[in-house]
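**Q** Provided herewith is a single structure, encoded as structure tokens, for subsequent inquiry.
The values are calculated or read from the model by the stated rules, or taken from the named source; none is laboratory data. Just so we're clear, the structure is a prediction, and the values are computed from it rather than from any experiment. Cβ placement follows ideal geometry from the backbone for every residue including glycine, while neighbour counts extend to all protein chains displayed. Accessible surface is based on the protein model in full, side chains and every heavy atom, while ligands, DNA and RNA are left aside. Shrake-Rupley method; radii C 1.70, N 1.55, O 1.52, S 1.80 Å.
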Amino acid sequence: MSAAKVLLISLFLIAGMLLPGIVWQPKGSFEVWNIIENDFPRNGSSEEKMTFLLNYAILAPSIYNTQPWRFNVSDGSIMVMADESRWLQAADGDKREMHISIGNALENLIIAADHFGYNHTVSYVPGGESIIARVSLQPSAQAPMDPQLFSAITSLEKSSPSKTNEVLREQDSVPQTADLANIESISTDQDIRVFLTDDPDIKSRFLNLTLNADQVLYSDIEFKSELGLWLSRGAMGPTGVQAKIDQIKVAFLDRVPDQIEKDSEIVNSSLYLGFITSQKNDAESQVRAGQLFERIRLLSSSANLSLQPMNQALQAVETESEVNGLLGEKSEALNGSFVQQIFCLDVVGPANELTPRRPLEEVLI
């Protein structure tokens, strides 16, 4: 990028901080978290009921909180689609994390449908550019299969334990064997599997890859500009002037030392690393990996565990090819050759702040 272009961007960002109307204003709302279960329109039309379920789908996590999804409700089904305008081309060149994010939302939708009395059938659209999957719903009299997962959708980020991880560990509040076994066995899909490890060698090698990826990513002006743009829109929480300040910090300051310190603390203090693998590396596999990841995230919350995504080593091309080698022979045993999602698992510490969500009306088409 030329010096003139860097200067132009600098002036644009500074002007945006001083005159907020010049750049995109923060979008999204915190109000969507206040879903009242009793508001489900039991006497409403089929379309109204299915639309209500999407209130839970949009609470799913996504890469940098971009929320790259859209939905269409009609004829007893819900079309789940990609919002390509929210694809992060610098951080997610192969759209892997966009597809995983959409899988997160799809899983929330399925869990909510089960809770409100629907059987479901998911049809994936192979090779579809925008349409990811069709969810067909049929009323059912069966009791919900996963009530604890449904509750976790809205309670996950609202919990605020007052004790730190260190205090919890002193009280022996560590993950129980049964909880870990439940997480590892939660997938019934032979093509999409999860592996947990506390192997210090794997953790050390993974940390080195993560720190190398931090160096690569935060040395890339395109990556920093993209991340700064989403910060300016309030995607990460702070809004207004603070969001513009955060944008300028990312774009023009050396954030590598801070990021390395943060990621080192997360990996070193976590009890387990988790890897979600797939046999194939296509869009459908990535969406299904996202579904499994969201189910694990909700199950972890129900077991008083915290889960932190750690995908930097997959985002940087220079380290991505080395990630699969971390699992060695275990990768073959998992019947998966491609790592799609990595996370750290720990006891519950201080809760994350709520992040804004796009209003439901904005994602309906």
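**Q** State all residues of region 38-84 that are surrounded by 14 or more Cβ atoms within 10 Å (Cβ to Cβ) and among the charged types (D, E, K, R); if no residue qualifies, say none.
**A** Answer for region 38-84, where residues must be surrounded by 14 or more Cβ atoms within 10 Å (Cβ to Cβ) and among the charged types (D, E, K, R): GLU47, LYS49, ARG70, ASP83.
**Q** Would you mind stating whether GLY234 is under 18 Å from the mean Cα position of the chain (by Cα), over 29 Å from ARG205 (Cα atoms) and of a type in the set (Gly, Ala, Ser)?
**A** Criteria met by GLY234.
**Q** Tell me which of these ASN335 doesn't satisfy, since it passes every other one: (1) modelled with pLDDT of 95 or more; (2) under 20 Å from ALA181 (Cα atoms).
**A** (1)
**Q** Checking the condition in contact with a Leu (Cβ under 6 Å, 6 or more places away or on another chain) and open to solvent by 10 Å² or more (accessible area, probe 1.4 Å), which residue from ILE266, ILE260 passes?
**A** Result: ILE260 is the single residue among ILE266, ILE260 that is in contact with a Leu (Cβ under 6 Å, 6 or more places away or on another chain) and open to solvent by 10 Å² or more (accessible area, probe 1.4 Å).
**Q** Then there's this: Hey, could you check region 315-325 for residues that are open to solvent by 10 Å² or more (accessible area, probe 1.4 Å) and either at pLDDT 95 or above or not acidic (Asp, Glu) (or both) and say which is farthest from GLN286 (Cα to Cα)?
**A** It comes out as GLY325.
**Q** Restricting to region 106-119, name every residue that is part of a helix (DSSP H, G or I) and either of a type in the set (Lys, Arg) or touching a residue at least 60 places away in the same chain (Cβ under 8 Å) (or both).
**A** Correct list: LEU106, GLU107, ASN108, ILE110, ILE111, ALA113.
**Q** Let me ask another. Spot the failing condition for PHE252; the list is (1) open to solvent by less than 60 Å² (accessible area, probe 1.4 Å); (2) at pLDDT below 90; (3) farther than 20 Å from ILE342 by Cα; (4) not β-branched (Val, Ile, Thr), and only one is missed.
**A** (1)
**Q** Residues ILE132, ILE111: which one is touching a strand residue (DSSP E or B) at 6+ places or on another chain (Cβ under 7 Å) and at pLDDT 95 or above?
**A** ILE132
**Q** What number goes with the only condition from (1) surrounded by fewer than 17 Cβ atoms within 10 Å (Cβ to Cβ); (2) under 19 Å from ASN311 (Cα atoms); (3) of a type in the set (Lys, Arg); (4) out of contact with any Phe, Trp or Tyr (no Cβ under 8 Å at 6 or more places or on another chain) that LYS280 does not pass?
**A** If we test LYS280 against (1) surrounded by fewer than 17 Cβ atoms within 10 Å (Cβ to Cβ); (2) under 19 Å from ASN311 (Cα atoms); (3) of a type in the set (Lys, Arg); (4) out of contact with any Phe, Trp or Tyr (no Cβ under 8 Å at 6 or more places or on another chain), just (4) comes out false.
**Q** Of the residues LEU196, LEU217, which is under 27 Å from ARG295 (Cα atoms), open to solvent by less than 30 Å² (accessible area, probe 1.4 Å) and under 22 Å from the mean Cα position of the chain (by Cα)?
**A** Just a single option satisfies the conditions, and that option is LEU196.
**Q** Looking at GLN247, is it assigned to a helix (DSSP H, G or I), polar (S, T, N, Q) and in contact with a Gly (Cβ under 7 Å, 6 or more places away or on another chain)?
**A** Yes.
**Q** Restricting attention to region 184-222, report how many residues are closer than 20 Å to GLU318 by Cβ and either in a loop (DSSP other than H, G, I, E, B) or not charged (D, E, K, R) (or both).
**A** 17
**Q** Now for a separate question. Identify, please: which residue in region 286-314 is among the aliphatic types (A, V, I, L, M) and in a loop (DSSP other than H, G, I, E, B) and is, among those, surrounded by the most Cβ atoms within 10 Å (Cβ to Cβ)?
**A** Among residues in region 286-314 that are among the aliphatic types (A, V, I, L, M) and in a loop (DSSP other than H, G, I, E, B), the one surrounded by the most Cβ atoms within 10 Å (Cβ to Cβ) is MET310.
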